[in-house]
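One structure is given below, encoded as structure tokens.
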Amino acid sequence: MKFLYKLKKDYLGILFVLPVIIGLACFTFVPMGKSLINSFQETDYATRETVFTFNHYKRIFDSANTQFTRSLLQTLLFTAIDIPLRMTLSFALALFLYKEVRGVRLVRVLCYVPVIIPTVVSGLLWKTIMEYDVGYLNLFLTELGLGRLTLFYSEKTALAAFVFIGLFGIGSSMILWISQLKNIPSTVYEVADIEGANRFQTLFRITIPLCGPTIFYVLLTSIIGTLQVFDLAYMFSTPLTGDSLNFLVVFIYQQAFGFFDMGYACALSWVLFTIIAILSGIVFACKKWVIYGEDYA
Amino acid sequence: MRKKASVSWYIAAVVLVLIFLLPFFVMIIKSFMSEEEVFDFPKLWPSSIVIANYYNKAIMPYILTWFMNTMIVAGLSIVGTLLSAFLCAYGFSKVHFKFKTIIFAATMASTMLPSITMRIPLYMIYADWGWLNGTLKPLFVPAFLGGGAMNILLIMQFIKGIPNSVLESARIDGANELRCLFRIVLPNCLPIALLVCVNTFLGVWNDYSSALTFLRNSGEEKWTLALGLFELSRGRYDDEQTQTFFRENQQMAIGVLMCIPSMLIFGIFQKSLIEGVAISGVKA
């Protein structure tokens with residue numbers, strides 16, 4: 001009896017978390033393992049044999065493989081442009097909207113609306129607006145006499161247009177900044193004011209450093225998320241945009257489900273995982289630059 | 001009464017809102033335009049409001065099917081997520097058992113894994129299970145088994161607010177753990193349960209990459225709304241009347257239709273949604 005009781009005490013909890021254990025095993029860890037194994041295999045379609053091989057990885061790191069390198073560079077370029085831009089703009093927006101004045105709640109909600117629009121609809125919408133001939137944006141610019149922008153019809157400008165569209169989603173980061181900004185006690189600002197700090201100094205020496213935890217969190221999640229951008233990029237990828245929107249996940253997707261080259265795709269996705277892990281590690285290592293003090297859970 | 005801001009602030013705020021909502025307005029305007037006007041040179045305003053776009057007989061049956069499919073997936077996902085996320089969150093926070101730390105660490109780690117790495121082998125696994133032909137299972141079954149680690153974390157934050165003494169007294173009175181969960185914890189966690197419901201619904205509604213991966217072989221009857229709209233925009237359903245790839249007015253109409261439930265849910269629950277984003281940092 002006592003043994004049963006001890007059994008129950010120690011292991012009952014496992015029953016509660018059984019769903020997540022099964023789920024993690026089935027839908028996360030087993031696939032990851034299978035993916036790793038697959039990346040080292042090559043199937044000969046004629047004989048249906050699978051051989052252990054490094055070929056996929058060799059192909060990735062082969063210097064003649066411009067497709068992967070180009071995709072990687074595009075992704076890194078996009079990340080390098082998009083993340084600072086989005087963080088700065090959403091922070092500026094939050095600074096503008098965090099004081100509780102009449103009507104500010106409505107403005108915040110309205111700024112959050114573009115985040116709620118489904119990705120498909122958003123893509124469709126922007127395709128229409130940015131259409132070269134009859135899209136509203138170009139028509140508007142022509143009216144002003146500024147000529148037309150090629151946007152998604154040219155490889156060179158597609159990325160810029162894509163970044164622009166992404167900026168409409170800064171509402172979600174804005175919410176995070178606002179809750180962090182509200183946590184800064186007003187006494188800090190009062191003291192700064194008394195000591196004679198002007199607005200720039202207040203901003204850069206007090207407000208931003210005190211937002212450290214959120215900066216860390218937003219940076220980390222942004223890097224992880226932006227390196228995996230897929231939905232909109234896949235929608236906008238046409239022969240006209242060439243390779244410019246061919247980010248890593250889009251590229252992997254095409255290899256896996258366009259060419260059915262599963263082994264190569266698996267190897268690529270593990271390379272992506274490694275890149276994400278390394279960058280996340282770097283951000284974590286820099287954690288102490290932005291988070292001071294003890295507990296910032 | 002909270003204080004008013006300066007006039008210039010309000011002007012700036014109005015401009016800001018107009019900028020953010022402009023694409024949305026464009027969508028609505030275009031959806032009311034008739035066929036010719038869309039490609040006719042730029043009308044900012046339709047001369048006659050055409051509601052016919054919303055009732056196109058050729059497309060409607062498909063839209064309804066897709067809508068049903070999306071609702072099925074959403075409903076099942078919500079049920080599954082609530083059940084399993086609550087069970088697991090309760091297990092992690094209030095019940096002590098061996099290996100808890102390891103399992104918890106594994107759960108946390110799973111949020112950081114890139115989804116594409118799992119999606120490719122999952123495709124192969126589902127192919128073996130027969131889940132790729134004409135079924136919606138890949139989209140909702142994972143919800144029953146763990147319901148998303150982010151949700152579990154969110155609920156755990158909330159459950160921590162329930163004092164242990166309440167649970168202890170319940171146990172002394174003879175309730176087993178399940179009773180503790182369903183009679184005490186759950187009623188107190190209604191706000192977070194609501195949030196999880198709303199988040200799950202919005203996630204399913206907007207999701208398109210899972211549908212793209214797992215439903216591609218299944219034929220049109222099994223698509224979700226997001227996937228259907230995407231395929232429409234690629235021009236698979238243009239009929240003889242138009243030589244162009246897409247009929248913008250109609251796509252805009254369907255787009256507006258697709259936005260309506262999201263907007264409704266958002267409008268009703270926006271306060272808790274925004275609070276939830278602030279707590280968990282997860283995008284809607």
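The values are calculated or read from the model by the stated rules, or taken from the named source; none is laboratory data. Predicted model, so just to flag it, every value in this text is computed and none were measured. Glycine gets a Cβ as well: all are built from the backbone with ideal geometry, and neighbour counts include every protein chain shown.
Overview of values
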{"quantity": "Identity of the residue in segment A:86-102, more than 7 Å from chain B (Cβ to nearest Cβ) and not aliphatic (A, V, I, L, M), that ends up nearest to A:Ala161 (Cα to Cα)", "calculated": "A:Arg86"}
{"quantity": "Positions within segment A:31-83 being at pLDDT below 85, of a type in the set (Lys, Arg), surrounded by fewer than 16 Cβ atoms within 10 Å (Cβ to Cβ) and part of a helix (DSSP H, G or I), in sequence order", "calculated": "A:Lys58"}
{"quantity": "Residue that is farthest from the other protein chains (Cβ to nearest Cβ) [pool: residues in segment A:6-44 that are among the small types (Gly, Ala, Ser) and over 16 Å from B:Arg119 (Cβ atoms)]", "calculated": "A:Ala25"}
{"quantity": "Enumeration of residues in segment A:234-258 that are in contact with an Asp or Glu (Cβ under 7 Å, 6 or more places away or on another chain), in a loop (DSSP other than H, G, I, E, B) and crowded, with 19+ Cβ neighbours inside 10 Å", "calculated": "A:Thr241, A:Ser244"}
{"quantity": "Single match in A:Asp231, A:Asp261 (criterion: buried (at least 17 other Cβ atoms within 10 Å of the Cβ), modelled with pLDDT under 85 and out of contact with any strand residue (DSSP E or B) (no Cβ under 7 Å at 6 or more places or on another chain))", "calculated": "A:Asp261"}
{"quantity": "Scan of segment B:178-202 for residues that are within 11 Å of chain A (Cβ to nearest Cβ) and either without any contact (Cβ under 8 Å) to a residue 40 or more places away in the chain or surrounded by fewer than 19 Cβ atoms within 10 Å (Cβ to Cβ) (or both), ordered by number", "calculated": "B:Leu178"}
{"quantity": "Long-range neighbours under 7 Å by Cβ, at least six apart or interchain, first residue closer than 15 Å to B:Ala74 by Cβ within segment B:210-224, second outside any loop (DSSP other than H, G, I, E, B) and small (Gly, Ala, Ser)", "calculated": "B:Ala211/B:Ala226; B:Trp223/B:Ala211; B:Thr224/B:Ala211"}
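Rundown of residues vs (1) at pLDDT below 85; (2) in a helix (DSSP H, G or I), yes/no style:
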| residue | (1), (2) |
| --- | --- |
| B:Ala12 | no, yes |
| B:Val15 | no, yes |
| B:Phe24 | no, yes |
| B:Met33 | yes, no |
| B:Ser48 | yes, no |
| B:Ile63 | yes, yes |
| B:Gly75 | no, yes |
| B:Val79 | no, yes |
| B:Ser93 | yes, yes |
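Residues are listed down the side, and each one gets a yes or a no for (1) assigned to a helix (DSSP H, G or I); (2) at pLDDT 75 or above; (3) in contact with a Lys or Arg (Cβ under 7 Å, 6 or more places away or on another chain); (4) within 13 Å of another protein chain (Cβ to nearest Cβ):
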residue	(1), (2), (3), (4)
A:Leu137	yes, yes, no, yes
A:Gly145	no, yes, no, no
A:Leu159	yes, yes, no, no
A:Phe164	yes, yes, no, yes
A:Phe168	yes, yes, no, yes
A:Ser173	yes, yes, yes, yes
A:Val188	yes, yes, no, no
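So that you can scan it fast, the table gives a plain yes or no per residue for (1) within 11 Å of chain A (Cβ to nearest Cβ); (2) in a helix (DSSP H, G or I); (3) among the basic types (Lys, Arg):
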position	(1), (2), (3)
B:Ile116	yes, yes, no
B:Arg119	yes, yes, yes
B:Leu122	yes, yes, no
B:Ile125	yes, yes, no
B:Leu132	no, no, no
B:Phe140	no, yes, no
B:Ile152	yes, yes, no
B:Ile162	no, no, no
B:Glu168	no, yes, no
